[in-house]
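S.K.: One structure, as structure tokens, below. Some questions next.
The values are calculated or read from the model by the stated rules, or taken from the named source; none is laboratory data. Everything numeric here is computed off the predicted structure, so don't read it as measured data. Neighbour counts run over all protein chains shown; Cβ positions are idealised from the backbone, glycine included.
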Amino acid sequence: MAASLSPSISPSVSPSISPSISPQDYGLRIAKSEHDITDAERYLIMTSKYPVLKLQSSDEGIMSFTAGDGGVTITIAHNLGYVPLCFVYGEYFDTPGEVVVNKFSKWNRWIYQGLQVADYYYYYADSTNLYIKFSASHLTDAYSFDLDYMYHIFYDEDEIA
Amino acid sequence: MPIEHALVIAKQGETDDVENLTPKQRAFDSRFPCLKILEADSVDAVNASEITFSAVVSFPLVVLVFLYVNSTGEYQPVGVTFDSTKLYLAGGGASGDTYHYFICYA
């Protein structure tokens, strides 16, 4: 006599998953050491909720200024086709002390020599290049010196091709 | 070949395959280095401070410093100087003012 087979499986398996997963319900979270991924976002190394800044290029260099030139410009090509986020830091010249200060600061600064005459250190970018510029006051223009600088260029999150 | 693979993480909420996502829809893409915080902390802004980097630092860096002005509750970007070993903060703030600094690699 043949044994009968039961067509049912108990407990039954439901084909549905409840609650359903929506795109907002998942992501990647990496916690800092000694923290849990359920902690606040400031305790995360990374969360896929937000994009990170992505580096296009960075480097160091030396800007050589020659007495009497009035200023100097370093041009760094990025060719992104849009104006990117940039950071530039560099040394500066202490005119009264007649010496380059071997510390870095954000390049957007000006140093007064008296009330109105100033040395300008600044940078800006267009859709093709990053420009790092130094403009000397007539007092500083009497000296020749080298300034170390460093820069970072980041992709614009809206514009990466 | 190495150029043919990379780690791409879709931004949360994106439903398409990562290969179809635009860079803005990607939270991370190993084709590009990202900004990494080496140190982040805050110190009193009343007195001058020299912050010694806790790790060996190589250039180039990104250094961001903000001054919290207690009387207004505002954060102001401030110019500071640094070298390969220290961050130099000028001080001179009022009582309750605080420097918040971020030292980053990219």
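S.K.: Within segment A:107-125, track down each residue that is charged (D, E, K, R) and modelled with pLDDT under 90.
M.R.: Here is the first cut: in segment A:107-125, the residues charged (D, E, K, R) are A:109, A:119.
Within segment A:107-125, A:109 is the sole residue that qualifies.
S.K.: Can you work out which of the residues in segment B:10-24 that are in contact with a Gly (Cβ under 9 Å, 6 or more places away or on another chain) and closer than 30 Å to residue B:100 by Cα is farthest from the other protein chains (Cβ to nearest Cβ)?
M.R.: Just the residues of segment B:10-24 that are in contact with a Gly (Cβ under 9 Å, 6 or more places away or on another chain), to begin with: B:10-13.
Filter once more, keeping what is closer than 30 Å to residue B:100 by Cα: B:11-12.
Numbers: B:11: 6, B:12: 3 Å.
Per the stated criteria, the residue is B:11.
Matching residues to (1) more than 15 Å from the chain's Cα centre (by Cα); (2) farther than 23 Å from residue A:52 by Cα; (3) outside any strand (DSSP E or B):
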| position | (1), (2), (3) |
| --- | --- |
| B:68 | yes, yes, no |
| B:72 | yes, yes, yes |
| B:75 | yes, no, no |
| B:87 | no, yes, no |
| B:92 | yes, yes, yes |
| B:96 | yes, yes, yes |
| B:103 | no, no, no |
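S.K.: Also, quick follow-up: Do we find a residue being facing chain B (nearest Cβ under 7 Å) and in contact (Cβ under 8 Å) with a residue 40 or more places away in the chain anywhere in segment A:43-53?
M.R.: Looking for residues that are facing chain B (nearest Cβ under 7 Å) and in contact (Cβ under 8 Å) with a residue 40 or more places away in the chain, one finds at least one in segment A:43-53, hence yes.
S.K.: Looking at the structure I just gave you, is residue A:137 in contact with a Gly (Cβ under 6 Å, 6 or more places away or on another chain) and over 27 Å from residue B:86 (Cα atoms)? Write out each step before concluding.
M.R.: Working: in contact with a Gly (Cβ under 6 Å, 6 or more places away or on another chain): no; over 27 Å from residue B:86 (Cα atoms): yes.
Criteria not met by residue A:137.
S.K.: Which residue, of A:45, A:62, is more than 17 Å from residue B:81 (Cβ to Cβ), in contact with an Asp or Glu (Cβ under 6 Å, 6 or more places away or on another chain) and surrounded by fewer than 14 Cβ atoms within 10 Å (Cβ to Cβ)? Don't jump to the end; show me each part of the working.
M.R.: Values: A:45 fails: in contact with an Asp or Glu (Cβ under 6 Å, 6 or more places away or on another chain).
Only one candidate qualifies: A:62.
S.K.: Now for a different question. With respect to residue B:6, is the statement that it is loosely packed, with under 14 Cβ neighbours inside 10 Å and modelled with pLDDT of 90 or more true? Break it down into steps so the answer makes sense when it comes.
M.R.: Values: loosely packed, with under 14 Cβ neighbours inside 10 Å: yes; modelled with pLDDT of 90 or more: no.
Criteria not met by residue B:6.
S.K.: Please find, among B:29, B:16, the residue that is among the charged types (D, E, K, R), loosely packed, with under 12 Cβ neighbours inside 10 Å and closer than 26 Å to residue A:52 by Cα. Break it down stepwise before answering.
M.R.: Values: B:29 fails: loosely packed, with under 12 Cβ neighbours inside 10 Å.
Matching residue, one of B:29, B:16: B:16.
S.K.: Taking segment B:37-80, which residues are polar (S, T, N, Q), touching a Phe, Trp or Tyr at 6+ places or on another chain (Cβ under 7 Å) and at pLDDT 95 or above?
M.R.: Hit for segment B:37-80 is B:42, nothing else.
S.K.: If only one of B:59, B:32 is within 11 Å of another protein chain (Cβ to nearest Cβ), within 19 Å of the chain's Cα centre (by Cα) and without any contact (Cβ under 8 Å) to a residue 12 or more places away in the chain, which one is it?
M.R.: Details: B:59 fails: without any contact (Cβ under 8 Å) to a residue 12 or more places away in the chain.
On inspection, the qualifying residue turns out to be B:32.
S.K.: Of the residues that sit in segment B:43-60 and are of a type in the set (A, V, I, L, M, F, W, C) and in a strand (DSSP E or B), which one is surrounded by the most Cβ atoms within 10 Å (Cβ to Cβ)? I'd like the intermediate steps shown before the answer.
M.R.: Here is the first cut: in segment B:43-60, the residues of a type in the set (A, V, I, L, M, F, W, C) are B:43, B:45-46, B:48, B:51, B:53, B:55-57, B:59.
From what's left, in a strand (DSSP E or B): B:43, B:51.
Details: B:43: 16, B:51: 19.
The qualifying residue surrounded by the most Cβ atoms within 10 Å (Cβ to Cβ) is B:51.
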